[in-house]
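K.L.:
Below is a structure I'd like to ask you about.
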Amino acid sequence: MRFILLILFILTSINAHSFKDLYDRDVNIKQNKKIVCIGPGTLRLITYLNLEKNLVGIEKRELKFNKNSTYTQYLDKEFIKSLPIIGQGGPGKMPNLEALITLKPDIIFATFLSKEQINLIESKTKIPVVALSYGQTLKNEKKLDFIKNSLNLISKIMNKEKRFQELETFMQKEEKNISKLKVDDKLMYVGGVAFKGIQGITSTDSDYPAFELLNIKNHVLKNHKGHAFINIETLLTYNPEIIFFDKLSKKIINEEIEKNKVIFNNINAFKNKKVYWLNPSNFYNINVENIYINSYLIASKFGYDNNMENIKTRVHKAFFTKE
């Protein structure tokens, strides 16, 4: 009996493939048919690679199908709603371990969980957990690099290299085109950036991806890395010439402006009507397709004749093409 078990163990080990996840953990994958997604943005990446039909469970949070997360509009809603619930979802929220053990997925893909949480899930369920990332780390790298690395990793594990190559080629081509759009060196600010929910005017980001693609600096955060909440006094002192606001936060931002008209009327961008709205950048993590759309939208305010409807159609077609 021991000999038979040893043979089975050896055969299983031979068939397993090892991958390095975004926490630099070695993850051994034996099968790659059945998957679940944990944490903000994980299902989005799976959707880009046309892998949603491999799901055997779903976070309750993903049943909202909010229009501010574009990927949810391209999902088979009836199929998604038919899946068993594996947890509530949300940043850092642990899944229902019993549900995972019952469903027995081959792989768990996860974002926004600590290494300790991921190791705990793996040890309790005996299911391989692959850590992905949108760039919420202390490393000095662009968020898009983390996103591409995550997509590449998923594609290798799930045999979707061809689909990833198509997507990566499109992204690189768009980034090259966007880099040629020369935006005036104005004092600019981006506000209303969602962070663990909808936020107001003083919510901003030094690494706002659309700014990065256009080589725009958010000078108000020149000594800060990542997301930050500034105060109104800082914004007044900085006195930006052009302001971009995230459309996701439009209601709360308009209320703030109405309440503090006297203050905001002293900012040059408001005085000269240089305040513009961008498509939702973050909603349950980064809407990657909107990084590209927003880059063209920002450039259009500097004289570039961009047909935004055509650009939106082109980008959506690339990110959400079904095989």
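K.L.:
Give, rounded to the nearest 20 debye, the magnitude of the charge dipole that region 146-289 has about its Cα centre when Lys and Arg contribute +1 at Cβ and Asp and Glu contribute -1 at Cβ. List each step's numbers first, then the result.
P.N.:
Numbers: 22 positive and 17 negative charges, 37 e Å.
The dipole magnitude comes to about 180 debye.
K.L.:
Okay, next question. In region 231-293, what trypsin sites (Lys or Arg not before Pro) fall in a loop by DSSP, with at most 12 other Cβ atoms inside 10 Å?
P.N.:
On the way: sites: 247, 250, 251, 259, 261, 271, 273, 274; in loops: 273, 274.
Sparse-neighbourhood loop trypsin sites (Lys or Arg not before Pro): 273.
K.L.:
For region 162-209, which trypsin sites (Lys or Arg not before Pro) are both in a DSSP coil and crowded by at most 13 other Cβ atoms within 10 Å?
P.N.:
Counting only loop positions with at most 13 other Cβ atoms within 10 Å, the trypsin sites (Lys or Arg not before Pro) in region 162-209 are 180, 182, 196.
K.L.:
Could you compute the net charge surrounding residue 86? Neighbours are other residues with a C-beta less than 13 Å from the C-beta of residue 86; K and R count +1, D and E count -1.
P.N.:
On the way: positive: 34, 60, 61, 93, 104; negative: 59, 62, 98.
Value of the local net charge: +2.
K.L.:
Can I ask one more? Kirkwood hydrodynamic radius for region 181-262: how many Å is it when counted over pairs of different Cα atoms?
P.N.:
13.0
K.L.:
Which value, in debye to the nearest 20, describes the size of the charge dipole of the chain about its Cα centre when Lys and Arg Cβ atoms bear +1, Asp and Glu Cβ atoms bear -1, and nothing else is charged?
P.N.:
The calculation lands at about 380 debye.
K.L.:
With point charges of +1 on the Cβ of Lys and Arg and -1 on the Cβ of Asp and Glu, referenced to the Cα centre of the chain, which listed residue (146, 298, 239) lies farthest in the positive direction of the dipole?
P.N.:
The residue sitting farthest along the positive end of the dipole is 146.
K.L.:
Of all accessible surface on the chain at a 1.4 Å probe, what whole percent is carbon and sulfur?
P.N.:
Result for the chain: 52 percent of the exposed heavy-atom area is carbon or sulfur.
K.L.:
Any chance you could give the angle, 0 to 90 degrees and rounded to 10, that helix 308-320 forms with the longest Cα principal axis of the chain?
P.N.:
10
K.L.:
Which value in nm describes the separation of the simple spin-label points at residue 56 and residue 196, placed 7 Å from the Cα toward the beta carbon?
P.N.:
About 3.3 nm separates the two model spin labels.
K.L.:
Work out, step by step, the length gained on full extension between residue 184 and residue 101: first 0.36 nm times the residue separation, then minus their alpha carbon distance; give nm to one decimal.
P.N.:
Residue separation times 0.36 nm, minus the Cα-Cα distance, leaves 24.4 nm.
K.L.:
Moving on. Just the accessible area per residue of the chain, please: how many Å² with a 1.4 Å probe?
P.N.:
I get 51 Å² per residue for this part.
K.L.:
In addition: Post the alpha-carbon centroid distance, region 32-103 to region 227-260, in whole angstrom.
P.N.:
Here the two parts' Cα centres lie 33 Å apart.
K.L.:
Using a 1.4 angstrom probe on the protein heavy atoms only, could you order 114, 295, 82 from most to least accessible area?
P.N.:
Most to least solvent-accessible, the answer reads 82, 114, 295.
K.L.:
To the nearest 10 degrees, how steeply does helix 115-125 sit against the main Cα axis of the chain, on a 0 to 90 scale?
P.N.:
The helix 115-125 is inclined about 30 degrees to the chain.
K.L.:
Sort all Cα-Cα distances of the chain into consecutive 10 angstrom bins from zero, then give the percent of pairs in each bin up to the one containing the longest distance.
P.N.:
5, 25, 31, 22, 11, 4, 1, 0, 0
K.L.:
Let me check something: with ligands and nucleic acids excluded, how do 219, 316 order by accessible area (1.4 Å probe), largest to smallest? All intermediate terms of the calculation are to be shown ahead of the outcome.
P.N.:
Values: 219 65, 316 25 Å².
Final ranking, largest accessible area leading: 219, 316.
K.L.:
Compute the helix-to-body angle for 2-15: its Cα long axis versus the longest principal axis of the chain, expressed 0 to 90° and rounded to tens.
P.N.:
Compared with the principal axis, the helix lies near 30 degrees.
K.L.:
Can you tell which of 284, 213, 99 lies farthest toward the positive end of the dipole of the chain, using +1 and -1 charges on the Cβ of basic and acidic side chains (Lys, Arg; Asp, Glu)?
P.N.:
About the Cα centre, the residue reaching furthest to the positive side is 99.
K.L.:
Quick check: from the Cα gyration tensor, does region 126-209 come out rounded (a/c under 1.5), prolate or oblate?
P.N.:
It comes out oblate by the Cα gyration axes.
The values are calculated or read from the model by the stated rules, or taken from the named source; none is laboratory data. Values in this document were obtained by computation on a predicted structure and should not be read as measured data. Cβ atoms come from the backbone with ideal geometry, glycine included; neighbour counts cover every protein chain shown. In case anyone asks, the SASA skips ligands and DNA or RNA and just uses the protein heavy atoms, side chains included. Shrake-Rupley method; radii C 1.70, N 1.55, O 1.52, S 1.80 Å.
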